[in-house]
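K.L.:
There's a structure below that I have some questions on.
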Amino acid sequence: MAGAASVQGRSGGAALAGLIAGARAVVVFTGAGASTESGLPDFRSPQGLWRGFDPFQVASIWALRRDPGAFFAFYRERLSRLGGARPNAAHRALARLEALGRLRAVVTQNVDGLHQAAGSRRVIELHGNLRQASCLGCPRLFPISVLEYQLQRPSGPGELPACPACGGVLRPNVVLFGEPLPEAALREAAREASGCDLFLVVGSSLQVWPAAGLPLQALASGARLAIVNQEPTPLDGAACLVVRGQAGEVLEEAVAEVEGLPSRGQGRGPEGLGGGSGGLGGGGVGGSRGGR
């Protein structure tokens, strides 16, 4: 869709409100830019997390196996930073939009849990989360505090965080570089992308696959695409609206306008879905990605 409207700041919020008001089923896709206003860095900007790290050396499945010291030092710092983070205006606005019956789902690349902390109920986490720790040796999950405690206490040479149940290595429950996305979450996200009529991208560079294929799947199913991001993305030319601005400011303005309208239920029909098949084939998304 050539000729996308590109606007700035609060005027973008008003334009976005008009799109939301005219949509029957809105799905929001968020990336790291949705959480920067909570004090969490993004990944690829000049101030981003990867500025001082090679992600394959500290956040990959190979790093965990070959250099666990560097891996756990990196995640110790990430968990410490996350401990002080709180939902920002963008998270709160999306939770309000869902409460109004105008947002069907949030699909997120983020692992910080701030959407849920803000009150969002329908959140699909493509890259796992940092609320839990998982074990390499058994299928059990534990609160992240179990891993944090072990990372903070003194340990001997070569001693790694251990699963309380089986003694296997305990790790953050996130998708690392070199690991596939969880099939169930990806399938659910693809179904939502195929069933919406407005797909809103917030704070994502749309450079990480297969998650970046979801907007294309929505477009192929007839949805309109809107993008709120500080920097250009590869799909700006396909969007009907591109807003350059802080996610919190833009979404707060948009949702405040929508709140003045009558609320309504979600879905596009009796089954709550419409459009394409929602599967992962035929132009859908699939495969593996790199980590969080």
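Since every read-out is calculated from the coordinates, none of them should be taken as a lab result. These figures come from a predicted structure and were not determined experimentally. A quick note on method: Cβ atoms are made from the backbone with ideal geometry, for glycine too, and the neighbour counts reach across all protein chains shown.
K.L.:
Obtain the nm distance between the two label points defined at Glu159 and Ala184 by a simple spin-label model: each point lies 7 Å from its Cα along the Cα-to-C-beta direction.
P.N.:
Computed distance between label sites Glu159 and Ala184 equals 3.5 nm.
K.L.:
Lys and Arg at +1, Asp and Glu at -1: add these up for the other residues within a Cβ distance under 11 Å of Glu188 and post the number. Write out the running numbers ahead of the final one.
P.N.:
Numbers: positive: Arg122, Arg187, Arg191; negative: Glu125, Glu183, Glu192.
Net local charge, Glu188 excluded: 0.
K.L.:
Please work out the FRET efficiency for the pair Arg24 and Asp54, using the Cβ-Cβ distance as r and a Förster radius of 51 Å; give the result to the nearest 0.05. Don't skip to the answer; put the middle values down first.
P.N.:
Working: r = 44 Å, r/R0 = 0.87.
The computed FRET efficiency comes out at 0.70.
K.L.:
Cys166 to Ala85: FRET efficiency via 1/(1 + (r/R0)^6), r the Cβ-Cβ distance, R0 41 Å, to the nearest 0.05? Please report the intermediate quantities before stating the final value.
P.N.:
Numbers: r = 31 Å, r/R0 = 0.76.
E between Cys166 and Ala85, to the nearest 0.05, is 0.85.
K.L.:
Follow-up. Give, in nm to one decimal, the length gained when the segment between Arg121 and Tyr149 is fully stretched (0.36 nm per residue of separation minus the Cα-Cα distance). Could you put the intermediate results ahead of the total?
P.N.:
Numbers: separation 28, 0.36 × 28 = 10.08 nm, distance 2.86 nm.
Extra length available between Arg121 and Tyr149 comes to 7.2 nm.
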